[in-house]
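Okay, so here's the structure we're looking at.
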Amino acid sequence: NGEKGILRYRGIPVDQLAEHSTFVETAYLLINGELPTRRQLTRFSVLLNDHSLVHEDMREFFESFPRRAHPMGILTSMVNALRAFYPELPERSEEEEINVTFTRLLSKLRTMAAMSYKISRGHRVVYPRHDLTYAANFLNMMFDSPVRPYEIDDDLVDALNVFWILHADHEQNCSTAAVRLVGSARVNLYAAISAGISALWGPLHGGANQAVVEMLSEIEASGGDVDPFVARARDRNDPFRLMGFGHRVYKTYDPRAIIMKKMCDKVLKKLKRHDPLLDIARKLEEVALKDPYFIDHNLYPNVDFYTGIVLRAIGIPINMFTVMFAIGRLPGWISQWK
Ligand code: ACO
């Protein structure tokens, strides 16, 4: 409900899920219609572990991309390539095939995302571990290294779970519409999801989380005064928009932005870190929300406004931000396709 700022997945308010559930439970909820029982969750987690490895031949593919290639471009190509490496098996029923494909995608997208980061840095790929949860495994694959073992911090794992939960589904947005449209031609699910990832890449959609941090950095570099940027956003002759503001559906504060803003404070406090971009973001929000142009146009912070600061604090590089969104949105795409 965009007027009231309410978001529910399968009837459950997103803030409840963010507080009490993990991303894996939320993915199960979206795909199957209800939260898993303990037993269903254990089985689902085992399956996710079983499918977490990526075919070794795919690494050669990865390694052939230019080092400076954007991870979203790599991801969309690799997801499409999954069908070539994991063809349909005639002995499986259609239902079994679909379930395997869901699990494979959920598990491997996370592995491939971390792989693409490691390869882009020229570092050794870290394999998934069966003893780690979905989010902890991702962080470990991203940041563990032979010279410096990664210490998993439960608060950062929680923050990542919340980030992914908040991105898990959002009705008929651009990427979801792309998945449904491409999928309606009965193409395989990998190809449909690959189309969704391509759509998400755009700066007016998932690419906005990267664009927000770039904009805040630009404000910082210009001396930190937000007023000229708000004035440019108001100017009809200037194509500049405040990134992380406005939403097709929400004409009030995006409920996800409220949760993300709190998470921002929590993570920075935990890490005992000060991020000047957070000060600029707060100031920008304060000025914009009092500005008649933003009031008249019902422009409020959206989910992307504070997420970049949380991702930065976790250590995620800026060119991986939209990839992080893609991992989160995957259960929503799958569920809508289904
Ligand atoms: N800054 C300045 N003006 C804006 C902004 C903004 N961020 N967003 C919308 N407007 C203005 C437009 O210029 C237009 O003004 P006009 O009617 O006077 O010509 C009016 O508000 C409506 O704009 P539309 O683009 O038609 O609004 P729509 O609801 O279709 O757009 C969108 C939503 C694309 C998200 C837009 O608000 C935007 O570009 N925001 C910045 C990018 C961003 O943060 N995207 C992330 C969205 S959340 C997500 O995808 C997960």
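The values are calculated or read from the model by the stated rules, or taken from the named source; none is laboratory data. Owing to the predicted nature of the structure, the values given are computational and were not obtained by experimental measurement. Quick reminder, even Gly has a Cβ in these numbers, built from the backbone with ideal geometry, and neighbours come from all protein chains shown. SASA here: full protein model, heavy atoms, side chains in, ligands and nucleic acids out. Shrake-Rupley method; radii C 1.70, N 1.55, O 1.52, S 1.80 Å.
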* Asked: Here are some residues: 265, 254, 238. Which one is closer than 23 Å to residue 6 by Cα and within 11 Å of the ligand (Cβ to nearest atom)?
  -> 254
* Structure fact -> Reported set for the stretch 277-299 where residues are out of contact with any Lys or Arg (no Cβ under 8 Å at 6 or more places or on another chain) and not in a helix (DSSP H, G or I) is 297, 299
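Matching residues to (1) open to solvent by 10 Å² or more (accessible area, probe 1.4 Å); (2) closer than 14 Å to residue 316 by Cβ:
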residue: 142; (1), (2): no, yes
residue: 147; (1), (2): yes, no
residue: 169; (1), (2): yes, no
residue: 179; (1), (2): no, no
* **Hey, residue 280 more than 9 Å from the ligand (Cβ to nearest atom), over 17 Å from residue 219 (Cβ atoms) and modelled with pLDDT of 95 or more or not** => no
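Any residue that is polar (S, T, N, Q), open to solvent by less than 80 Å² (accessible area, probe 1.4 Å), in a loop (DSSP other than H, G, I, E, B) and modelled with pLDDT under 95 - is there at least one of those in the stretch 206-213? I'd like the intermediate steps shown before the answer.
Of all residues in the stretch 206-213, those polar (S, T, N, Q) come to 209-210.
Among the residues that remain, those that are also open to solvent by less than 80 Å² (accessible area, probe 1.4 Å) are: 209-210.
Subset that is in a loop (DSSP other than H, G, I, E, B): none.
No: the stretch 206-213 contains no residue that is polar (S, T, N, Q), open to solvent by less than 80 Å² (accessible area, probe 1.4 Å), in a loop (DSSP other than H, G, I, E, B) and modelled with pLDDT under 95.
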* Can you confirm whether the stretch 263-276 contains a residue that is within 18 Å of residue 226 (Cα to Cα) and either open to solvent by 10 Å² or more (accessible area, probe 1.4 Å) or assigned to a helix (DSSP H, G or I) (or both)? => yes
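Considering every residue within the stretch 248-255, establish whether at least one is in a helix (DSSP H, G or I) and surrounded by fewer than 16 Cβ atoms within 10 Å (Cβ to Cβ). Write out each step before concluding.
Of all residues in the stretch 248-255, those in a helix (DSSP H, G or I) come to 255.
Applying the additional criterion that residues be surrounded by fewer than 16 Cβ atoms within 10 Å (Cβ to Cβ) yields none.
Checked the stretch 248-255: no residue is in a helix (DSSP H, G or I) and surrounded by fewer than 16 Cβ atoms within 10 Å (Cβ to Cβ).
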* Hits in the stretch 82-98 - residues which are part of a helix (DSSP H, G or I) and either over 23 Å from residue 137 (Cα atoms) or more than 22 Å from the chain's Cα centre (by Cα) (or both) -> 83, 84, 85, 94, 95, 96, 97, 98
* Considering only the stretch 181-190, state which residues are open to solvent by 20 Å² or more (accessible area, probe 1.4 Å) and of a type in the set (Gly, Ala, Ser). => 184, 185
* **Pair list, Cβ < 6 Å and 6+ apart or interchain, from the stretch 223-248 residues that are acidic (Asp, Glu) to residues that are within 10 Å of the ligand (Cβ to nearest atom) and at pLDDT 95 or above** => 238/232
* To do: Would you be able to say whether some residue in the stretch 305-324 is within 10 Å of the ligand (Cβ to nearest atom), surrounded by fewer than 16 Cβ atoms within 10 Å (Cβ to Cβ) and not in a loop (DSSP other than H, G, I, E, B)?
  => no
* To do: Would you please list the contacts, defined by Cβ atoms under 8 Å and residues six or more apart or on different chains, that run from a residue in the stretch 1-28 that is open to solvent by 40 Å² or more (accessible area, probe 1.4 Å) to a residue that is among the polar types (S, T, N, Q)?
  => 3/252; 4/252; 22/133; 22/161
* Asked: Do we find a residue being within 11 Å of the ligand (Cβ to nearest atom), at pLDDT 95 or above and closer than 30 Å to residue 102 by Cα anywhere in the stretch 193-201?
  -> yes
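Which of the residues spanning the stretch 128-155 are assigned to a helix (DSSP H, G or I) and either within 23 Å of residue 41 (Cβ to Cβ) or among the basic types (Lys, Arg) (or both)? Before the answer, list the steps.
Keep residues of the stretch 128-155 that are assigned to a helix (DSSP H, G or I), which gives 134-143, 154-155.
Residues satisfying the conditions are 134, 135, 136, 137, 138, 139, 140, 141, 154, 155.
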* So, in the stretch 155-179, of the ones that are under 20 Å from residue 309 (Cβ atoms) and not hydrophobic (A, V, I, L, M, F, W, C), which residue ends up nearest to the ligand (Cβ to nearest atom)? -> 167
* Structure fact -> Within the stretch 82-124, the count of residues that are aliphatic (A, V, I, L, M) and either surrounded by fewer than 18 Cβ atoms within 10 Å (Cβ to Cβ) or over 20 Å from residue 193 (Cα atoms) (or both) comes to 5
* Structure fact -> Checked pairs for the stretch 125-136, first open to solvent by 90 Å² or more (accessible area, probe 1.4 Å), second outside any loop (DSSP other than H, G, I, E, B) and polar (S, T, N, Q), C-beta under 7 Å and 6 or more apart or across chains, list as 129/137; 129/140; 130/49
* Structure fact -> When residue 259 is run through (1) loosely packed, with under 14 Cβ neighbours inside 10 Å; (2) touching a helix residue (DSSP H, G or I) at 6+ places or on another chain (Cβ under 6 Å), the failure sits at (1)
